[in-house]
Structure formats: C-alpha cells, structure tokens
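Take a look at the structure set out below.
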Amino acid sequence: MSHDTLLDLSRWQWALTAAFHITFPAVTVGTSVFLVVCYAMYMRTDDEVWLRMFRFWRRIFGVGFTLGVVSGIVLTFQFGLNWGSFAHDVGPIVGVAILMEVVMAFFLEAGFLGLLIYGEGRISRRMMMFSACMVSLGTMLSVTWILVANSWMQTPAGYKRVNGQFQPVDWLHVIFNPSFGIRFIHMLIGALVAAGWLICGISAWYFVKRRHLPIARRGLSVTLGVLSILVPLQIYVGDSVAGGYVAKYKLPQLEAMEGNWNSANTGENVIVIPNQDAAKNEWQVTIPWLGSALGAKDWSGHTATPGLKLTPQSVRPMMLPTFYGFRAMWWPTVLMIAVVLAGIALRLRGRLYSARWFHKLLVGLVPIGFVAIWAGWVLAETGRQPWLVYGQLLTADAVSPLKPWSVLTSLTGFVLLYLALLGTYVWYVVRAVREGPGDGPLAEPPAPPLRSEPRPGLAPVG
Amino acid sequence: MHLSDGWMIFVILAFTMYIVLDGYDLGIGVLTLFERDERRRRDMFGLVAWLWDGNESWLVLIALTLWAGMPLAAGIALPALYIALVPMLWSLIARGVSLVMIDQRAGWPPLSGRVFAISSLLVGFCQGAAFGGLVAGLSAHGGSFAGGPFEFLHHGYAVLTGVTAVALYVLAGCAWVYLKSDGETQLRAARVGRVAVVLLAAGTAASWLLVPVAGSTTLDPGAAARLPVCIAGTAVLAAGLVFALRSFSDPRARRPGRAPVFATLAVYAGGLLLAGGLLYPRLVPPDITVHAAASPHTALLFMTIATGALIPLILTYQAYGYWVFRGKVDLKQEATTA
Ligand code: HDD
Ligand code: HEM
Ligand code: HEM
C-alpha cells in the first residue's frame, strides 16, 4: 500500500515536472533559431526592423530560457532523489548521456547567453552573431543528448547487465539505439513547429491590432513559410515513428494507442472508453476501413490492428493516456495542416496580410504546438510503462525508499511553485507583447551596470 | 592510479568551480538583504544577472559527474538528503525567476528583491546542510539508502554546516563586490566581509571537530598518509582567513581591490584540501568509497576522454565572458552622494 502510494506520488512528480520543463525548451529551441535568422538578416541588410525583431524576441526567449534552466535542474536532481536505484542501475549509460549534454550543450548555451542578452555595445556585431549561433547550437545539442538518453530507455541496446547495473559494451550501439534517430528528428521538428506557431500567432495579433506592421509582416511571412514545410514533414516523420519504431519495438504501445483489445478491428477508433481491468471498451466510436489503411497501409481494408490482449496483463500499458495522448497530438496536427494550406492559398491570392479572420485564427493557435508536444510525451512515456528501461527494468523497482509524505510535500511545493511560474511567464509574455517592439527611434540596448569604459588591467577572476 | 581516482578530479573540479563561482553570486544575493539603498541594490543584482546561469551549470555538472561516474553514491546520497535538497531546488527556482523579473523590470520589485535575497540564503544553507549530512555519515544497505528521512540532520549538526556555508558564500560575495565596486559600496562589503570571516573560522573549526560526535564517520587526521595533507590544508585555510581579514581592513589595498578575492580563493583551496585529507577515499561516509561507487571502466573511459577534451573549451569561453564584462560597477549615484 505504502509502496504503491510512494510510487504513484513519485511518478506524478516526475510527470508534472518534466511536462513543465519541456514547455520551455519548446519555446527556446525554436526562438533561438529565429533570433539567428533575424540577426543574420540585420547584418546583411542593415535594416533596423530586423534588429528590432531580434531585440523583441530576445526578451521572450530570455525569460523562457531561465524557466527552462531552473526546471531542468529539478529534473536532473530528481533522477537520484526519487529514483535512486534507477540512478544506480542506469548511471553508466543514461547518466553518461546526460553528462554529455551538460558539457556539450548546457555550458555552451550558458556561456554565450550572457553575451547574447547583455553583450550589445560591448561586443562586435560578428561576435553577437556568433553568440546567437552558439546558443542555438547548444539548444540543439541538448535535444540530441536528452533524446539519446530517453531513446535508450525506450529501445535499450549495446549494454550488458552486471549485478543489475546496465554497463555499456558498445557506445555506438548505445548512442545510435534503434529509436534515437527518428525520435530526435520528430522532437526537433516538434520544437520548431511549436515556436513557429507562437511567433506566428503573436505577429498575427499585431495585425489584428494594426500595430508594428513591418515587424508583424515579416514574422508572419517567415513563420508561415517555414511551417508550410515543417508540418507536412512532421506528418511523414511521425508516421515513421509509429510504423517504423513503435510497431517494431514497442508493440504493446501501438495496441494501446489504437484503442483495441482484440486483434480484429480493421477500423480506426475515434473515441474509446476503456476498462483496463475488464480488458474491454465500455464504449467506442469507430470509422470502418481507416485503421487498416492508415496503420498497416493496406488500402483494401483487410488488415486488423493488433489488440492489447496480445500483451500479458501485468505488462500492459494504460490504454487511456496512450490513446488520448496520440489523439491529442494527431488532431492538432490535422488542424495545423489545414491552417497552413489556407495560408498558402491566401498568400497566392495576395491576401495574407489583409485576411483578418485568418489573423484572429492564428492568435488562437498560439498554444497548439505545445499541446502536441505534451501529448506526444505522454504517449511515449505512458506507452513504455510499466517499464522504465523497456523490457528490462520495472518502474516499480526503481523508486527510492522515501516516505510518502516527503514526496507528497515536495510534489505540492513543485506544483504550487510551477503554477506561479507559469502564470508569471504567461503574464510576462502578454505584457511584453502589449508593450511591443516599439515604433520610436531605437533605444539603447540593455546593459549590465558596468562602467562603459572597462578599465584595462582588471583581470577576470575565478 | 585507478581510472575512478582520475574521474574524481572532474568531480572535485566541478565542485570547486561551483562553490567558487556560484558561491559569490549567492553571497551577493545574501548581501542585498542588508542593503537598504535601492540603487546600490540594483547594481548588485546587475552584477549577478548575466552570469548566474553559467555558474549554475557547474551545479548540474556536480550532479552528473557523480551520477554518471559514481552511480552508487548518487543512488544512496540523494534520497538520503531529500529533505535538504528539495528546498534547495525550490529556492533555486525562486532565485532564478526573481532575478529575471528584477532584470526585466517586471513584477513587483520589492517582492522580487526579497525573494532573491532569501532564496540565495536558503540555497547556501541547504547546500551546507546537505554537505554536513553527507560528511557525518549516511546509512546504506544493499546499495540503497537505509536511514530515516531526518538522519542527515545528525542532531542538528547539519544546521551548523548550513550556517557555515552561508558564511563562506557571504565572504565570497563580499570579496567580489569589493573588487567590482568602490566608495560606499566597497566599504560596506568590507565591513560585512570581516564578520563573515570570523563566523566562517568558528564554523569550520566547530564543524570538523564535531564530526565524530555527530555521526558515524570517524576521522583519523593523524594517519600517516593523511597528516601532511591535513596540515597543509589547515595552514592554507588559516592563512587565507587571516589574509582576508587583513585585506578587508586595509584601506590602501582598496584599488583595484583584488586581495580579498585571492584570500577567498585560498580559503576554498585550504578547505578542500582539508576535506580531502580527512575523508578520501570515502565518498559517502562512513562506508562507500570512491572505488566501490565507480562506474565500470567502459563508461569512465568514454566520459574521461569527452569531458577532458571539452573542459578547456568551456573554461575558455567562460573566461571570455568575464573578460567582456570586466570593470567596476557603474555606480551612478556616486557622483551625487560622494
Ligand atoms: C527538447 C529537448 C529537451 C528535453 C526533452 C529536455 N530538455 Fe532540458 N533543456 C533543453 C532541452 C530539453 C534546452 C533547450 O537545452 C534547455 C531549455 C532551456 C534551456 O535553458 O536549455 C534545457 C535546460 C535544461 C537544464 C538547465 C541547463 C543549464 O543549466 O543551462 C537541465 C539541467 C536540463 N534541461 C535537464 C533535463 C532533463 C534531466 C530532462 C529530462 C528528463 C530534460 N532536460 C528534458
Ligand atoms: C521532457 C519531456 C518529457 C515529458 C513531458 C515526460 C513525461 C513523462 C510522463 C508523463 C511520465 C509518466 C508515465 C507514467 O508513469 O505513466 C514519465 C515517466 C518517466 N520518464 Fe519522462 N518525460 C519526458 C522526458 C524524459 C526524459 C528525457 C527522460 C530520461 C532521460 C525521462 C525519464 C522518465 C522516467 C525515469 C520516468 C519514470 C517515472 C514515472 O513513471 O513517472 N523522461 N515521463
Ligand atoms: C500526424 C502526425 C504525427 C504522428 C503520426 C506522430 C506520431 C508520434 C508517435 C507514434 C509518437 C510516440 C513515440 C514514442 O513512443 O516514443 C510521437 C511522439 C511525440 N510527438 Fe508526434 N506525431 C505527429 C505529429 C506531431 C507534432 C505536430 C508534434 C509537435 C509539434 C509532435 C510531437 C511529439 C513529441 C514531442 C513526441 C514525444 C517524443 C518522442 O517520443 O519522440 N508530433 N509522435
């Protein structure tokens, strides 16, 4: 009883703190690329509109970055705090991958972040450009290594087990484990897409309010253009994730996310109300033929989707979160593709900057990419359960022997703090957007309160 | 030498860099608690704003060098120190966010300022408490933690080390402000700095003397292999403390005011040497040693090569950042108040 409570609390704490964290990488990975674009255009054209955009988006980036950092530190410690025997068992592999993330990515981001945000006036334009590129590179390396770590947990490879501990045998197999490549691409595009809708929606808001039009026009045009390429690409990549790796290596997840118990359904379930204990659906709405066509690419409609009863009861993932996790990623994607197509049509007819209904729609779509990202992670992580390292280490065996009340207290603290933080961030972004990038003459760049003429001879300390 | 001893170099490097770098910016946070003047406080925030993130990366590195390189130690010590470390994480969150709010002139400044100061204090305190809890000894059984949630307190011993850590960070913060400012701000930093030195000296002495009483760890400074290291450590530590006290007192040394920083560095060096001399090779006292806790050879080799190649690069660009932001704070009010 106490162990179950402890396990549930520890899982909830992880799930909530990870979901909170992932929100901010989703902002920063994409906006850092956008910052690079803005500054590069500014250096090429000397057009100050680009500089204004750079400074404006840098503010939203910077605050998001801070929240990403502090919430990331929480996750790092949590591996050991709440999952002590997991830390022991996978340290030589997952720990090493995240260590690589620290030395390759975090230091790089942090080292150049100060220059990016406070450096104007102290460093040259080239150096500024370089800093922006390094920060952006850092965020991408971070995505790389964290996905090495997590993908290895989904499809472990290249190890041997000694006294319970996973020890690396072949690093190439560990790093390029079967799911890493495709999941990395899926996650990276996902982050770019999420930031794309954010920037696009805020630019559209300026159209609605008829403010800062030169900046709004460029923001809208660039992001919609990029989204028209990335969203279709993501559908293709996502399909490879599902068909190429989930179906091959994590079949129980596929069974659960398609909402079937028996392997007889050739249709696609739209809504299910599953009863996990009785191993049946209380209610379901199914479109005939579609499951066979989309899932197995059998257009004759005769291939049934495998059902969860193929998997022994004790190691079945929960159907509810996987099924709806998948749907909450998939339906927003359908909406995205429709909007992107509408955007292309409007652009061809020269009405992209005047169609007000479209701008209002885009404002409403600001959170859509984040929804897909959360949903995708819920799908991937709940689909892996009850395993922590798929097929090898059970989540229930990895939890630290803490007192449930300790975890309840920490969980409560994190939830309260994070709610306050999320509120603050949203409030801050809304305020920054209301203030806008400014129309007047360009203001002085922000700078730390150091004397403008640095004294020679004061060596760096530390 | 075993590869795990080599890896300990990185653990110690990360630890040292962290307490040195984040030490002074946490210390500055605590100092703002005593600073009533709004503009001077802003300048202090400004000193920290651009670099705390880089400094905190070293904390993440400590966690990862331990987890990846010494997984057994991480798996035992972190759950054992849960009640010290979770509040540290809360405080780190509050600190980072309040600083950005101050920097962006958003939110309600008096609140953000207070949150920043108090959370800096708590971070230091929790870290000291965790360190003390570890040093005095944690019970382990079969590769996992076997004590109760409050074992790390060791009858209040952890509170003593917590306070000592705060004194250390305040000293470092004063040294940094002293370097980066002049006039009234600098004088104030010197005044607080002197108090911190005294507290730190008392706290350190008490902390080491009380270890055998408080917990299950035994110290044996007289052992042949330990003695020279312990003597050297104590000597450097004491010299550093005396030098710090003097350099804060000496008005002539005020320009450019580097002396307290060097003194603080000596304090760190001496303290680390002493700790190493007393504890090595135990990583999670009383029983778990570096060698028992280490990752397998294949993992250590990979990490050592990759990290060894990257650390010089990291140090280079961090140093470049410090060089770009060199110079004293621009105390605009000096013209009017001086
Ligand atoms: C999309 C990729 C992604 C994913 C899945 C994660 N992160 Fe992350 N993380 C980033 C992408 C990122 C980033 C883009 O690199 C961040 C976000 C903002 C930032 O400052 O860097 C970051 C920051 C960040 C930091 C602070 C870095 C610093 O000090 O500068 C830590 C310690 C972590 N993360 C740790 C984790 C852990 C332990 C995760 C999962 C269990 C995790 N992250 C998931
Ligand atoms: C940042 C994006 C991520 C999100 C939103 C996320 C979300 C989740 C969720 C919802 C669970 C709970 C599953 C369940 O118990 O049913 C979970 C479990 C877990 N995930 Fe992730 N995850 C993320 C990334 C990662 C990464 C990158 C790792 C490892 C490198 C990881 C390691 C774990 C572990 C150890 C658990 C087990 C604890 C638990 O079951 O709650 N996660 N995650
Ligand atoms: C129709 C299009 C899509 C399909 C078929 C698809 C498919 C999938 C599948 C099967 C998974 C589970 C992978 C696993 O178990 O590890 C997944 C995960 C995920 N998806 Fe999608 N996806 C689509 C669109 C999107 C979009 C548009 C986004 C974001 C903007 C997104 C973001 C994610 C994320 C963040 C994850 C979790 C990380 C991972 O497991 O790699 N997906 N997706």
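Below, the figures for the structure above:
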quantity	calculated
Average beta-carbon neighbours from other chains, 10 Å sphere, peptide A:48-57	0
Relative frequency of Cα-Cα separations exceeding 18 Å in region B:59-193, percent	65 percent
Inter-label distance, nm, simple model (7 Å from Cα along the C-beta direction), A:SER300/B:HIS297	5.8 nm
Test item: Cα-centred dipole of chain B, Lys/Arg +1 and Asp/Glu -1 on Cβ, debye	960 debye
Simple label model, 7 Å out from Cα along Cβ direction - B:ILE9 to B:THR304, nm	0.9 nm
Where A meets B: accessible area buried, both sides, 1.4 Å probe, Å²	7000 Å²
Shielding of B:289-300 by partner chains, average beta-carbon count, 10 Å	4
Amide proton proximity set for A:ILE271, modelled H, under 5 Å, gap of 5+	A:VAL285
Largest to smallest accessible area among A:ASP170, A:ASP4, B:ASP43 [probe 1.4 Å]	A:ASP4, A:ASP170, B:ASP43
Förster-model FRET efficiency, 45 Å R0, A:ARG44 and A:ILE235, C-beta, rounded to 0.05	0.85
Cα long-axis angle, helix B:297-324 against chain B (0 to 90 degrees, to the nearest 10)	10 degrees
Expected-Rg normalisation [2.2 N^0.38 Å, Cα atoms] applied to region B:210-309	1.46
Total charge dipole magnitude, the protein assembly as shown, about the Cα centre, Cβ charges on Lys, Arg, Asp, Glu only, Debye to nearest 20	2220 debye
Directionally averaged shadow of region A:71-149, computed from the convex hull of its alpha-carbon atoms, nm²	5.4 nm²
Calculated SAXS-style log₁₀ I(q)/I(0) at q = 0.18 Å⁻¹ - region B:48-101, Debye, Cα scatterers	-0.70
Computed accessible area, A:TRP145, all protein chains, 1.4 angstrom probe, square angstrom	30 Å²
Ranked order, A:VAL37, A:VAL366, A:VAL102 - accessible area, probe 1.4 Å, largest first	A:VAL37, A:VAL366, A:VAL102
Rounded accessible area of A:LYS297 (nearest 10 Å², 1.4 Å probe)	90 Å²
Magnitude of the charge dipole, region B:83-238, Cβ model with Lys/Arg +1 and Asp/Glu -1, debye to 20	340 debye
Cα shape, region B:116-274, gyration tensor, a/c 1.5 rule	oblate
Ranked by how many other beta carbons lie within 10 Å on average, peptides A:270-277, B:59-66, B:70-77 from highest	B:70-77, B:59-66, A:270-277
Added length on full extension, which subtracts the Cα-Cα distance from 0.36 nm per residue, A:VAL285 to A:TRP12	95.3 nm
Rg/Rh for the protein assembly as shown, where both radii come from Cα atoms and Rh is the Kirkwood radius	0.99
Gyration tensor verdict on chain A (Cα atoms; rounded if a/c is under 1.5, prolate if a/b is larger than b/c, oblate otherwise)	oblate
R0 of 60 Å, Cβ-Cβ distance A:ILE273-A:ARG211: FRET efficiency to nearest 0.05	0.80
Scaled radius of gyration (Cα, divided by 2.2 N^0.38 Å) that region A:98-189 gives	1.39
B:ARG191 accessible area, 1.4 Å probe, all protein chains in place, Å² to nearest 10	120 Å²
Selected from B:VAL159, B:TRP176, B:ALA292, residue furthest toward positive end of dipole (chain B; charges at beta carbon)	B:TRP176
Tensor-based shape of region A:153-252 (alpha-carbon gyration tensor, a/c under 1.5 rounded, otherwise prolate or oblate)	prolate
Nearest-ten-degree value, helix A:368-384 long axis tilted from longest Cα axis of chain A	30 degrees
Greater than 18 Å apart at Cα, pairs in A:LYS209/A:LYS360; A:LYS250/A:LYS280; A:LYS160/A:LYS248	A:LYS250/A:LYS280; A:LYS160/A:LYS248
Approximate spin-label separation A:LEU422-A:HIS3, in nm, with each point projected 7 Å along Cα-to-Cβ	3.3 nm
Selection from B:ILE76, B:THR65, B:VAL48 lying farthest towards where the dipole of region B:36-101 points positive, charges on Cβ	B:VAL48
Per-pair calculated FRET efficiency, R0 = 30 Å: A:THR409 and B:HIS155 via Cβ, rounded to 0.05	0.85
Peptide-level mean, for A:251-263, of C-beta atoms on other protein chains within 10 Å	0
Selection from A:GLY121, A:ALA15, A:MET100 lying farthest towards where the dipole of region A:1-124 points positive, charges on Cβ	A:GLY121
Between 0 and 90°, nearest 10: helix B:52-69 axis offset from chain B longest Cα axis	0 degrees
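The values are calculated or read from the model by the stated rules, or taken from the named source; none is laboratory data. From a predicted model like this one, the values you see are computed outputs, not experimental measurements. Cβ atoms come from the backbone with ideal geometry, glycine included; neighbour counts cover every protein chain shown. Please note that ligands, DNA and RNA were not included when accessible areas were found on the heavy atoms of the full protein model with its side chains. Shrake-Rupley method; radii C 1.70, N 1.55, O 1.52, S 1.80 Å.
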